[in-house]
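Student: Have a look at the structure that comes next, please.
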Amino acid sequence: DWTAESFVESTIADLKAKLGNDKVVMALSGGVDSSVAATLVHRAIGQNLYCIFVDNGLLRKNEFEDVLESYRHLGLNIKGIDAKDQFYKALAGLTDPEAKRKAIGKTFIDVFDHEAHLVENVDWLGQGTIYPDVIESVSVKGPSATIKSHHNVGGLPDFMKLKIVEPLNTLFKDEVRNVGRTLGLPDAILKRHPFPGPGLAIRILGDITPEKVQILQEVDALYINGLKKYGLYDQVWQAGAILLPIQSVGVMGDERTYERVVALRAVTSVDGMTADWAHLPYEFLADISNEIINRVKGVNRVVYDISSKPPATIEWE
Ligand code: XMP
């Protein structure tokens, strides 16, 4: 019978045998899959695992610092790379969702390839691929898929020539969480909502500027903290805020305002393939709407997305 304990034990033994004294380089995202995969490889080969965590400037508020800290706490050999400016430059002026995704994917590859070169004599690329990624590779949109879909764009980056080690590629998500729990990973990682690789770039409709990112980070942080405070975070599958490319009229004191609109999204789902909009309590929505409008400068209207998937998607881009 499959148990997380026996999986951990046999996987670490297999990794030790397979990797020996080899070096492995791996990009981490802060998500469950890459964190669990890295922890397994780390248990097997220790400091010969070189982890890289890239700040693409499109993460949630404080996410880069928080995640880096929890990785350090786990003992991982992790390097944080501030590549915000490189990503903002690549995104400047782009409005088409797929063009934004491509620019982000390409920039990520450039940054990662550069960093991978700094590790001498590396043999392996570690990846957090899980079983559904393998069987549904067409519909995967994770970092590994981003890398794969860029195969044919101007030749292979050097790290793509490395041998691949994917210790989770026979597991489903709930099994990955169990393995993570067995390995002692914190709930902050294990229960984290899924977050798209292109991050806030696909939640800012239209072009990306650092100013818009900052506004959305503030809104999103109030929303996510509110969900946690109300005990709702673990009841929804994914939640986030979207910055709309329109302004609306409002009133503050005697003044007319003409400011930004944000949409809040929360869904329940099993696997993200279908999803229902979450029936969040009115009391929570009322509170959070007030808090956002009162505290985030430049936002004067909040709407709640009541669309299910299909026919809507979870993200707006
Ligand atoms: P949709 O919007 O297609 O999203 O209903 C389903 C799930 O996929 C995530 N998503 C992405 N993840 N890169 C990713 O790594 C992407 O480009 C991307 N687009 C959507 C989305 O957050 C949801 O969990």
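Any read-out appearing in this document is the output of simple, stated calculations on the displayed coordinates, not a laboratory observation. It should be emphasised that the depicted structure is a prediction, and the values quoted were computed from it without experimental measurement. So basically every Cβ, Gly included, is an ideal-geometry build from the backbone, and we count neighbours across all protein chains shown.
Student: Filter Lys102/Lys212; Lys61/Lys89; Lys102/Lys191; Lys191/Lys212 down to the pairs with a C-alpha to C-alpha distance above 23 Å, please.
Tutor: Lys102/Lys191; Lys191/Lys212
Student: Can you spot the lysines whose alpha carbon is less than 16 Å from Lys16's alpha carbon? Ignore those fewer than 8 places along the same chain.
Tutor: Lys163
Student: Per residue, what volume in Å³ does the convex hull of the Cα atoms of the range 4-190 enclose?
Tutor: 118
Student: As a test of the formula, what do you get for the chain when each DSSP H run with n ≥ 4 contributes -39,500 (n - 2.57) and the sum is divided by the residue count, at 222 nm and rounded to the nearest 500 deg cm²/dmol?
Tutor: Rounded to the nearest 500, it is -12500 deg cm²/dmol.
Student: Going by the alpha-carbon gyration tensor, a ≥ b ≥ c the square roots of its eigenvalues, is the range 62-112 rounded (a/c under 1.5) or, if a/c is not under 1.5, prolate (a/b greater than b/c) versus oblate?
Tutor: Here the range 62-112 falls in the prolate category.
Student: Still on this model: Rounded to two decimals, what is Rg over Rh for the chain when you use alpha-carbon atoms and the Kirkwood radius?
Tutor: With Rg and the Kirkwood Rh in hand, the quotient comes to 0.98.
Student: Roughly how many debye, to the nearest 20, is the charge dipole of the range 1-40 about its Cα centre, given +1 on each Lys and Arg Cβ, -1 on each Asp and Glu Cβ, and no other charges?
Tutor: Result for the range 1-40 is approximately 260 debye, rounded to the nearest 20.
Student: Could you work out Rg/(2.2 N^0.38 Å) for the range 272-317, with Rg from alpha carbons only?
Tutor: 1.38
Student: Using Cβ counts within 10 Å as a stand-in for footprinting exposure, how do Arg265, Arg181 rank, fewest first?
Tutor: Fewest to most other Cβ atoms nearby, the residues stand as Arg181, Arg265.
Student: So for Ser269, Ser6, fewest C-beta neighbours within 10 Å to most, what's the order?
Tutor: If I rank by nearby Cβ atoms, fewest first, I get Ser6, Ser269.
Student: Taking a ≥ b ≥ c as the square roots of the eigenvalues of the Cα gyration tensor of the range 203-304, is the shape rounded (a/c under 1.5), prolate (a/b larger than b/c) or oblate?
Tutor: prolate
Student: What is the magnitude of the charge dipole of the chain about its Cα centre, with +1 placed on the Cβ of each Lys and Arg, -1 on the Cβ of each Asp and Glu, and no other charges, expressed in debye to the nearest 20?
Tutor: 240
Student: Rounding to the nearest 20 debye, state how big the charge dipole of the range 148-301 is about its Cα centre with +1 on each Lys and Arg Cβ and -1 on each Asp and Glu Cβ.
Tutor: Taking the Cα centre of the range 148-301 as origin, the dipole is about 380 debye.
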